[in-house]
Amino acid sequence: MNADTVSSRHCDVLIMGGGPAGAAVAALLARRGWHAVILEKDRHPRFHIGESLLPLSLPFLAELGVLEEIEAIGLRKYAAEFHSVYHGKSMTFSFGEALRPDYPYAYQVRRAEFDHVLLRNAGHQGAEVHEGWRVDTAAIADGEIRAVTAVDETGERARWQARFYVDATGRDTFLADFLALKECNARHRSAALYAHFEGAERAQGQAEGNICIHWFDHGWFWMIPLKDGTMSVGAVCKPEYLKRRSVPVEQFLFDTIALCPGVSRRLANASLAGEVTATGNYSYQSRRMTGKNFLLAGDAYAFIDPVFSSGVHLALNSAFLAAEAVDGILRQPASAKQRLARFEREVRKGLGVFSWFIYRITTPAIRDLFMNPENLFRVRQAVVSVLAGDLFRGTRLRGPLLAFRLIYHVRSLLIRWGVMPAVTR
């Protein structure tokens, strides 16, 4: 076909993006009999960061029918470790300590493999998958998408019309940018610097798969061990710190690692296993996530911070909510407003719980509470439940989390007034 020719195509649901959110919603809708089409800009497998899953993602993966495949490619993760240079110690939160300990582990996965499994599964479930196609414009009138246009790697263009559109373009945030909905998160500004390493020091036994969070003066580090022996390492910092860089990005990462003794020690005999990546504008959100015949799923709507490894979990949850909403709207168009309002409300609820912790994760009061955890009013179990992603199945978290927040605010005031030291060993 001539590159200047625009073909016209139709489907019930057009999903823009084939990451976890897009692949999951496409699989679920195709399973329900709808003609669901994915337009994915890359060809899988492709590199992506964000390798740590949460235990309560496992039911989603089981429902999608891919849990056995994820077990085969993943390293089991039984706990999250927090390391504080300020306290000179670490604390381990095992998922088996949660209020409902029925999912005591998750997986560390290479996202190239994980995302490929989900995308293949969407095709197996009946979705039409087009890789190498990037959506670049949309025709919108009266708050409704009339069509979107996409271009493939050869320059061929196609105009897609659908009854409903799902933006699952992740950090590309196609619709949020196109509609000028995207804005930097005013409450949490961050940038990231990350790479994979070979030869990093690893824990032994069941602890091998634990994710490790290391606080340091400019933010925090993640260390995520992968099944093939690779270690994913990244620093999340204030954007001002990254702007200070006057050396090549690789050297800047090593200089940053040197500022955190715990990470530096574990990487003493390690070497880079790929390129170093730096990204600014790490935290963002959109002013809304729905329109008359479209919605934004996963990172296409918002991304706050990866400290609780919530990205994939929130993406899968939003995909399941989206599939329920879209299926209902296609069957009963008059219910669209109600169903989209419910979708937005449920997505915001989960994001809100994670956000409360994320906005405060580098404060002295939070560090003290994580390094000296008590279970008064079952607050430790509730925090572990949040770390496990147990936000969407009715677990009674409200009371214990309110107690934790009260303790946090009291401790913050005492630190501010000088009554309590900022670090309690």
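Is it fair to say Arg157 is in contact (Cβ under 8 Å) with a residue 24 or more places away in the chain and farther than 21 Å from Lys41 by Cβ?
Working: in contact (Cβ under 8 Å) with a residue 24 or more places away in the chain: yes; farther than 21 Å from Lys41 by Cβ: no.
Considered against the rule, which asks whether it is in contact (Cβ under 8 Å) with a residue 24 or more places away in the chain and farther than 21 Å from Lys41 by Cβ, Arg157 comes out as no.
State all residues of region 22-60 that are in a loop (DSSP other than H, G, I, E, B) and within 14 Å of the chain's Cα centre (by Cα); if no residue qualifies, say none.
Across region 22-60, the qualifying residues are His48, Ile49, Gly50, Glu51, Leu53, Leu54.
Which of the residues that make up region 132-177 are closer than 18 Å to Ala21 by Cβ and surrounded by fewer than 19 Cβ atoms within 10 Å (Cβ to Cβ)?
Arg134, Arg171, Asp172, Asp177
Would you mind stating whether Ile415 is among the β-branched types (Val, Ile, Thr), modelled with pLDDT under 95 and within 22 Å of Val307 (Cβ to Cβ)?
On the way: among the β-branched types (Val, Ile, Thr): yes; modelled with pLDDT under 95: yes; within 22 Å of Val307 (Cβ to Cβ): yes.
Against the criterion (among the β-branched types (Val, Ile, Thr), modelled with pLDDT under 95 and within 22 Å of Val307 (Cβ to Cβ)), Ile415 qualifies.
I'd like to verify a number: residues in region 143-162 that are modelled with pLDDT under 95 and under 10 Å from Arg9 (Cβ atoms), how many?
Total satisfying the criteria: 0.
Determine which single condition Tyr359 fails, assuming it passes every other condition in (1) hydroxyl-bearing (Ser, Thr, Tyr); (2) part of a helix (DSSP H, G or I); (3) buried (at least 19 other Cβ atoms within 10 Å of the Cβ).
Failed condition: (3).
Which of the residues spanning region 365-410 are among the basic types (Lys, Arg) and not in a loop (DSSP other than H, G, I, E, B)? Talk me through it step by step, then tell me what you get.
Going residue by residue through region 365-410, those that are among the basic types (Lys, Arg) are 367, 378, 380, 393, 396, 398, 405.
Hits for region 365-410 are Arg367, Arg378, Arg380, Arg398, Arg405.
Looking at region 236-344, what strands (runs of 3 or more DSSP E) fall wholly within it and have at least 3 residues that are crowded, with 20+ Cβ neighbours inside 10 Å and of a type in the set (A, V, I, L, M, F, W, C)? Give the steps one after another, and end with the answer.
Working: elements: 277-279, 284-286, 294-296.
Per the criteria, 294-296.
Suppose we filter Phe377, Phe404 for residues that are under 23 Å from Glu81 (Cα atoms) and either surrounded by fewer than 20 Cβ atoms within 10 Å (Cβ to Cβ) or among the charged types (D, E, K, R) (or both); which single one remains? Step through it out loud before you land on a result.
Working: Phe404 fails: either surrounded by fewer than 20 Cβ atoms within 10 Å (Cβ to Cβ) or among the charged types (D, E, K, R) (or both).
One residue alone meets the criteria, Phe377.
Can you say whether Phe252 is assigned by TED's automatic domain parsing to the domain that holds Asp167, touching a strand residue (DSSP E or B) at 6+ places or on another chain (Cβ under 8 Å) and either at pLDDT 95 or above or of a type outside the set (Gly, Ala, Ser) (or both), as far as the supplied structure shows?
So Phe252 fails the test.
Looking at region 74-95, is at least one residue aliphatic (A, V, I, L, M), in contact (Cβ under 8 Å) with a residue 12 or more places away in the chain, surrounded by fewer than 22 Cβ atoms within 10 Å (Cβ to Cβ) and in a loop (DSSP other than H, G, I, E, B)?
yes
Just to be sure I understand, how many residues within region 411-424 are outside any loop (DSSP other than H, G, I, E, B) and either touching a helix residue (DSSP H, G or I) at 6+ places or on another chain (Cβ under 8 Å) or in contact (Cβ under 8 Å) with a residue 60 or more places away in the chain (or both)? Can you show your working first?
Of all residues in region 411-424, those outside any loop (DSSP other than H, G, I, E, B) come to 411-416.
Still in the list and also either touching a helix residue (DSSP H, G or I) at 6+ places or on another chain (Cβ under 8 Å) or in contact (Cβ under 8 Å) with a residue 60 or more places away in the chain (or both): 411-412, 415.
The qualifying residues number 3.
Can you tell me which residue within region 1-60, out of those that are buried (at least 24 other Cβ atoms within 10 Å of the Cβ) and among the hydroxyl-bearing types (Ser, Thr, Tyr), is farthest from Arg331 (Cα to Cα)?
Once the filter is applied, the top-ranked residue is Ser52.
Being within 23 Å of Pro20 (Cβ to Cβ), part of a loop (DSSP other than H, G, I, E, B) and not small (Gly, Ala, Ser) is the filter; apply it to region 180-203 and report the residue that is modelled with the highest pLDDT.
Restricting to residues being within 23 Å of Pro20 (Cβ to Cβ), part of a loop (DSSP other than H, G, I, E, B) and not small (Gly, Ala, Ser), the top hit is Leu181.
Of the numbered conditions (1) farther than 20 Å from Ile213 by Cβ; (2) touching a residue at least 40 places away in the same chain (Cβ under 8 Å); (3) outside the structural domain of Leu179 (by TED's automatic domain parsing), Pro373 satisfies every one except a single condition; which is it?
(1)
The values are calculated or read from the model by the stated rules, or taken from the named source; none is laboratory data. Because the structure is a prediction, the values reported are computed rather than measured. So basically every Cβ, Gly included, is an ideal-geometry build from the backbone, and we count neighbours across all protein chains shown.
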